[in-house]
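Asks: Sharing a structure below in structure tokens format, with a few things to ask.
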């Protein structure tokens, strides 16, 4: 069990600035996989990585994006009337009338999303203040108190918005809420260290231990990720390393054994093996992007147990996913 490490507001040395603005993607209430207890997960927009299997591709870009769920279109044509780019026209989705979207013309101004009452068109991402987010988070305090939960700031990559993330976590702490930070670790150490001061728990992703493979699949090398992890383990006592198990990328037994050996060598005592989630493909359709992992399936329970035995053999405990 993870033991909360709540710090009193006076220990921070500064009060949270609730007027700071940030780019919000979504707020997910009653989350159960982002830390202990019932949690409210705050997803921020923008990430320096471009993981090919990303479960939230709409979180990668730092700017708002238009999502189009054509199956929701009821052919009311309201969006066509307000589109300044002439990017929307009448068409068909299978045998049914539906709007068609020309993304090359679209400037993603959001006018069509505002006019679309069925929700076929929507904007991913908006500017908010720390105060606005904290107000929503605090509505779930009763659930946090009853379950040992709290707030988790995720992404995208929260460290890509360091001022907003710091002040959001600090504001939640000032209100006595347990805080968790989910991060790729891909940021300057000064940013990671500062954010760690206001996070009771850090969920730290380690995707691949081979740097060239990491660059191939995520767009960046992993030296900074591993260096920050080594440093973080020396200053924070609640770091849970999470390894997303991606079929055909990093989930072979020998790859997991290599990751376990490396992580044990730098002092990691506990990790979580995250089973592949095959449900992300629809979001790529909403963005008009191809998804190269559409045909891959989640690992079986038996296979995850096999990987777990490998990790345990290296002296590392495996947290329940």
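Here, each number is a calculation from the coordinates, and none is a lab measurement. These numbers come from a predicted model, not from an experiment. No Cβ is skipped: glycine too gets one built from the backbone with ideal geometry, and neighbour counts run over all protein chains shown.
Asks: From the P(r) of the stretch 65-124, can you give the percent of Cα pairs sitting at distances over 12 Å? Spell out each step's value before the answer.
Replies: Values: 1068 of 1770 pairs.
Above the 12 Å cut-off, the stretch 65-124 has 60 percent of its Cα pairs.
Asks: Could you let me know the centre-to-centre spacing of the stretch 59-86 and the stretch 95-127, using Cα atoms, in angstrom?
Replies: About 0 Å separates the Cα centre of the stretch 59-86 from the one of the stretch 95-127.
Asks: Quick check on the chain: helices-only [θ] at 222 nm, where DSSP H runs of length 4 and up contribute -39,500 (n - 2.57) each and the sum goes over total residues. Nearest 500, please. Mind dumping the intermediate values first?
Replies: Numbers: 11 runs with 101 residues, N = 321.
It lands at -9000 deg cm²/dmol.
Asks: Work out, step by step, the length gained on full extension between residue 210 and residue 76: first 0.36 nm times the residue separation, then minus their alpha carbon distance; give nm to one decimal.
Replies: Details: separation 134, 0.36 × 134 = 48.24 nm, distance 5.11 nm.
Contour length minus Cα-Cα distance gives 43.1 nm.
Asks: Also, I was wondering about something else. Would you kindly compute the Cα radius of gyration of the chain and its largest Cα-Cα separation (Dmax), both in Å?
Replies: Values for the chain (Cα only, Rg and Dmax): 20.9, 63 Å.
Asks: Most mobile of 196, 234, 70 per a Gaussian network model of the chain (Cα springs, under 10 Å)?
Replies: Comparing 196, 234, 70 in the GNM, the peak value goes to 234.
Asks: First obtain the Kirkwood hydrodynamic radius of the stretch 181-232 from its Cα pairs, then insert it into the Stokes-Einstein equation at 25 °C and 0.890 mPa s, and state the resulting D in µm² per second as a whole number. Before the final figure, lay out each step's value.
Replies: On the way: Rh = 11.3 Å.
Diffusion coefficient, whole number: 217 µm²/s.
Asks: Helix 253-265 sits at what angle to the longest principal axis of the chain, using alpha carbons and giving 0 to 90 degrees rounded to 10?
Replies: Helix 253-265 sits roughly 50 degrees off the main axis of the chain.
Asks: Here is a further query. Can you work out the PRE-style zone for residue 289? Point 7 Å along Cα to Cβ, and I want the residues of the stretch 62-78 with backbone N under 18 Å.
Replies: 62-70
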